[in-house]
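To keep things clear, I will list the structure first and then write my remarks on it.
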Amino acid sequence: THSQLHAIRGSFLDFVDDPFLIAESESVRYLADGLLVIENGKIKAFDHYETLRDQYADLDITTYSGNLILPGFIDLHVHYPQTEMIAAHGEQLLEWLNKYTFPTEAKFRDVEYARTIASFFLDELLRNGTTTALVLTTIFPHSVDVLFEEAQRRDMRLIAGQVLMTRNAPDFLLNDAKIAYEQNRELIRKWHHKDRLLYAITPRFAITSTNEELTLAGVLKAEFPDVYVHSHLSENLKEIEFTSALFPENKDYLEVYERFGLVSDRSIFAHGIHLSDSEFERLSNAGAAIAFCPTSNLFLGSGLFSLGKAKSIEQPVNVGFGTDVGAGTSFSLLQTMADAYKVIQLQGGQLSAFQAFYLATLGSARALSLDDKLGSFDGGKEADFIVLDLQATPLMALRNPTLTASLEDLASSAFALMMLGDDRAVKATYIKGNLAHEIKPSDS
Ligand code: GUN
Ligand code: ZN
């Protein structure tokens, strides 16, 4: 553990702007031989090695050659209680929830079980190069406590909140709206801004909430304006039909959340597959964000997200990637990018490697309004970063030659990395400048 000054030398890739809106030559930053200087968990300096070498001549330097160092990945939507029910066969959303999800989440009434899964889940994030996540829990307040406690032990920046559900689920998974409101107030006071932890008000989705519960969620948001709101939106056609039957006075799905004051620049909605132009426009105007969860959308047969529409130059909506485990089929943001590429291909569009890596880093940091702290190697930010091995498997080594200084070669190598890579490519994960996961040479 380094508490003072130390540095990492290697090839660094990050973003200074959005490559969906700005040319890649202007938005991508690639230092083929760079130096990242870290002091007390924060970035003190970042530049070409040659530029900084004299100033930091006596420094303790760790060198990674032939790897690519990126800001840590951000998972913008994931359910930790669903970790052990990943890859459950055969259903679409509403049937899948009833058959697999709700019975699994009920097990979290046992706090020790919850802690075991929370610990496994966070280690799995680190193994996959994910250093920050926006996480759903269950209705049980202790399922929030154990996740935050385990994240705190690992020094991770994590956002989570108690799941709110008052109807259309089995009795054993329903909370009382007024009691849940009081529990949320307590959890916010206990955890929001504690170390690196932040709180999200988390109504599961419109279907499982009553008007009373959404009203109280809006009251909470008004009382604690800088907490997040995290939910699901427009994922599945039967879900949308059921929502409009439950809330007939609303013109569309998004309006349910709008009417209760739940749509702002600190709101993150998973999926958004079947949104109207008006809903995209209102999300853009509000500064809200969509978590694009391609492995989940394909697995549940939910549909193809219109990334091109969301990231339009005229009316951009903030977007990041969610793994959405357990409907998602991988904790790897690399695998998530690979499926995102295929989802865009199926719609006749294009997703470049740089655009995908942007979404998983600075794009998500911006979606969370945390880009002053995370998402790139700018000085002053928190030193969460990952070392990726472009040649992690024999096939990747065959496909990916040694890195050059050219942005064009890098685009091709980075693309092969996202299509072929997974946890095996995450050679090391650093949290606040400290090594939190590493593949040792003998492991591979
Ligand atoms: N909508 C409401 N709950 C869930 C969930 O657990 N997973 C997914 N994918 N969608 C949901
Ligand atoms: Zn989800």
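Taken together, the values in this text are just the output of simple stated rules run on the coordinates, not laboratory data. The structure presented is a predicted model; accordingly, all values stated were derived computationally and were not measured. Because the Cβ atoms are built from the backbone with ideal geometry, glycine has one as well, and the counts that use them run over all protein chains shown.
List of remarks:
- Built amide H within the under 5 Å cut-off of Arg29, gap 5+: Asp14, Phe15, Val16
- 3J(HN,Hα) along segment 395-410, derived from phi through the Karplus expression 6.51 cos²θ - 1.76 cosθ + 1.60 where θ = phi - 60°, amounts to 5, 5, 5, 5, 6, 9, x, 4, 5, 10, 8, 7, 5, 5, 5, 4 Hz, with x in place of Gly and Pro.
- Extension gain, Gln4 back to Leu407 (0.36 nm per residue minus Cα-Cα distance, nm): 141.7 nm
- Each of Lys373 and Ala222 was given a label point 7 Å from its Cα along the Cα-to-Cβ line. The distance between the two points is 2.7 nm.
- Here the chain is assigned +1 on the Cβ of each Lys and Arg and -1 on the Cβ of each Asp and Glu. Its dipole about the Cα centre then comes out at about 460 debye.
- Listed by chain and number, the lysines whose alpha-carbon sits under 20 Å from that of Lys190, ignoring those within fewer than 8 places in the same chain, are Lys178, Lys221.
- Highest mean packing comes first when the peptides 144-153, 347-356, 52-61 are listed by Cβ atoms within 10 Å, giving 144-153, 347-356, 52-61.
- Each peptide in 173-181, 124-132, 282-290 was scored by the mean count of other Cβ atoms within 10 Å over its residues; highest first, the order is 124-132, 282-290, 173-181.
- The calculated 222 nm mean residue ellipticity attributable to helices in the chain amounts to -10000 deg cm²/dmol, summing -39500 (n - 2.57) over DSSP H runs of n ≥ 4 and dividing by all residues.
- Largest to smallest principal axis extent of the C-alpha atoms in the chain, angstrom: 65, 46, 38
- Extending 7 Å from the Cα toward the beta-carbon at both Ala245 and Tyr113 defines two label points whose distance is 3.1 nm.
- Distances between placed amide hydrogens fall under 5 Å for Ile290 paired with Phe269, Asn318, Val319, Gly320, all partners being 5 or more residues away or on another chain.
- Annotation for segment 319-348 versus segment 371-444: alpha-carbon center distance of 18 Å.
- Taking 0.36 nm per residue of separation and subtracting the Cα-Cα distance, full extension of the segment from Phe120 to Lys440 would add 113.2 nm.
- Nitroxide proxy distance, nm - points 7 Å out along Cα→Cβ at Glu182 and Asn40: 4.1 nm
- Given R0 = 30 Å, the distance between the Cβ atoms of Leu237 and Asp171 translates into a calculated FRET efficiency of 0.65.
- Amide N proximity, segment 283-307 versus Lys342 label position 7 Å along Cα-to-Cβ, cut-off under 16 Å: 293-305
- Using θ = phi - 60° and Karplus 6.51 cos²θ - 1.76 cosθ + 1.60, couplings along segment 60-70 (whole Hz; Gly, Pro as x): 6, 10, 9, 10, 10, 9, x, 10, 10, 9, 10
- A simple rule links phi to the HN-Hα coupling: the Karplus curve 6.51 cos²θ - 1.76 cosθ + 1.60 with θ = phi - 60°, which for segment 32-48 gives 4, 10, x, 10, 10, 9, 10, 10, 6, x, 10, 7, 8, 8, 8, 6, 4 Hz, with x for Gly and Pro.
- Summing Lys and Arg as +1 and Asp and Glu as -1 over all other residues whose Cβ lies under 13 Å from the Cβ of Gln355 gives a net charge of -2.
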